[in-house]
Amino acid sequence: MNGGRPEARELPLSRPTRSYVKSTRKERVIGFLAASLFSVAYYLAPTWLLMTALACVLKWWTVATLLILPIVTSLALPESFIRDLGKLMLKTSCFLQIPKYFSFEEFHEFRDEDFGEATHSEGKSFIFACHPHGVFPFSATCALVSCAGAEGDDGHVTAYAYKDRLTEDMPTAVATVLRFVPLLKDIVGLFHIIDASAPVLTERLQTKGSVSLYVGGMLELFLASPTKEVVFLKKRKGFIKLALRTGADVVPVYLFGNTTCLSALTSGPLAFLSRKLGVSLTLFWGRWGLPLPRPTKLTYARGLPLGLPHLPQPTDADVDHWHAVYCDKLQALFDNYKRFNPDYADKILVIE
């Protein structure tokens, strides 16, 4: 491997790197219940905050006091505690069944071992640019659980030497506001999050750390439809400039099913607020019309690193060139792997 790029292999891949299509009814039920804990908590958190505010406005002080207690507890919990709790949860037998509920499959052109070697042996950093944004990142959750030790269809349990450090090696960048919203911050904090602000990302990448970044942000959630997927990318060039400046490379990642396992209200005041804050505060639903994920097939496709050069002072032409390369690679990733997900057989990808 050279500069984070693995040896030549036949691409696109013709079979999944890891697969969780085979499962028993019991495993699927357990996976459904475990996954539902995340979506229900994500639904109840903003509802709880609104109820607390309403109780205060109406001067229902007894009710308000009871509602405020969990909020105060949430604010007092350090990020490190939530992060460590998340690492333990993802390895429990219940949560290891989540990929089986979604018939989850992964296609890694850039393999886990390639990433581990590039990170720990070569000191390389990466931006894993993920698309599209969903109500809740169940595709990414499945990928983390898979790497944490879930047993695949072939009976193999992932056992890479660095798997216990995966969330530290590749935390997810989120909107600043999400790190401070009580209750919500604890739900997403289980997956190890960092601030998506430019100074924080620059420091991390310059110190040879990697990060997962949802480039299109919350807008992609409101642009999806049954016939097409839309990624908000044409005006999002900052991540390319950041990678060029810091010497990081960019890895395209497509999350098939991220926008279909849960549906969201795309209009109204809550949807408007969600778009402005970059946090999903809108109403959403799934199985049986409840905030429970549908048993939608999820597919995770990870492309090869682009091979970006290190340009401390990139020109606009440099950024435009590598941004165009990225768009082409993302389109190819979508076209090459959508055939493995029946829900996407006739869907097209639109880059806006």
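Long hydrophobic helices in the chain, taken as whole DSSP H segments with a C-alpha length of 27 Å or more on their own axis and mean Kyte-Doolittle hydropathy at least 1.0: 25-57. Mind checking the log10 I(q)/I(0) for the chain at q = 0.12, 0.15 Å⁻¹? Debye, one equal scatterer per Cα, no solvent, two decimals. Once normalised to I(0) and log-transformed, intensities are -0.87, -1.40. Taking every DSSP helix (H) stretch of at least 4 residues in the chain, weighting each as -39,500 (n - 2.57) and dividing the sum by the residue count yields a mean residue ellipticity at 222 nm of -12500 deg cm²/dmol. Rolling a 1.4 Å probe over the protein heavy atoms leaves GLU79 with an accessible area of roughly 80 Å².
Projected onto their three principal axes, the Cα atoms of segment 1-109 cover extents of 66, 41, 23 Å, largest first. The stretch between LEU37 and GLN206 holds 57.2 nm of extra length on full extension. This uses 0.36 nm per residue minus the Cα-Cα distance.
The modelled label-to-label distance for the pair ARG179/CYS94, using points 7 Å beyond Cα in the direction of Cβ, is 3.0 nm.
Inter-label distance, THR62 to ASP335: 6.6 nm, where each label sits 7 Å from its Cα along the C-beta direction.
Calculated accessible area for the chain comes out at 45 Å² per residue, all protein chains present (probe 1.4 Å; ligands, DNA, RNA ignored). What separates the Cα centres of segment 127-145 and segment 79-103 is a distance of 14 Å. Among rounded, prolate and oblate, which fits segment 105-151 when a ≥ b ≥ c are the square roots of the eigenvalues of its C-alpha gyration tensor, a/c under 1.5 means rounded, and a/b larger than b/c means prolate? Taking the square roots of the gyration eigenvalues as a ≥ b ≥ c, segment 105-151 is oblate.
Among the listed pairs LYS237/LYS297; LYS124/LYS329; LYS26/LYS228; LYS100/LYS235; LYS185/LYS347; LYS26/LYS91, those whose Cα-Cα separation exceeds 26 Å are LYS237/LYS297; LYS26/LYS228; LYS100/LYS235; LYS185/LYS347. Solvent-free Debye calculation, one equal scatterer per alpha-carbon of segment 210-266: log10 I(q)/I(0) at 0.15 Å⁻¹ equals -0.52.
Taking the Cα centre of segment 68-151 as origin and assigning +1 to Lys and Arg Cβ atoms and -1 to Asp and Glu Cβ atoms, the resulting dipole is close to 420 debye. Most mobile of VAL21, VAL72, VAL40 per a Gaussian network model of the chain (Cα springs, under 10 Å)? Among VAL21, VAL72, VAL40, the largest GNM mean-square fluctuation belongs to VAL72.
May I ask you to derive the relative contact order of the chain, considering only C-alpha pairs under 8 Å and at least 6 residues apart, and to give it as an integer percent?
Once divided by the residue count of the chain, the mean separation gives 23 percent.
Charge tally around ALA35: other residues with Cβ under 14 Å, Lys/Arg +1 each, Asp/Glu -1 each, net +4. VAL57 exposes around 110 Å² of accessible area when a 1.4 Å probe is run over every protein chain in place.
Using a 1.4 Å probe on the protein heavy atoms, what percent of the accessible area of the chain belongs to carbon and sulfur?
Values: 9600 of 15700 Å².
Whole-percent figure for carbon plus sulfur exposure: 61.
Set the Förster distance to 30 Å, then compute FRET efficiency between PHE81 and HIS321 from the Cβ-Cβ distance, nearest 0.05. Once the sixth-power term is evaluated, E becomes 0.10.
As a ratio to 2.2 N^0.38 Å, the alpha-carbon radius of gyration for segment 75-149 is 1.28.
The values are calculated or read from the model by the stated rules, or taken from the named source; none is laboratory data. The shown structure was predicted, so the numbers you read here are calculated from the model rather than taken from an experiment. Counting neighbours? That spans all protein chains shown, and the Cβs are built from the backbone with ideal geometry, glycine included. These accessible areas exclude ligands, DNA and RNA; they are computed on the full protein's heavy atoms, side chains included. Shrake-Rupley method; radii C 1.70, N 1.55, O 1.52, S 1.80 Å.
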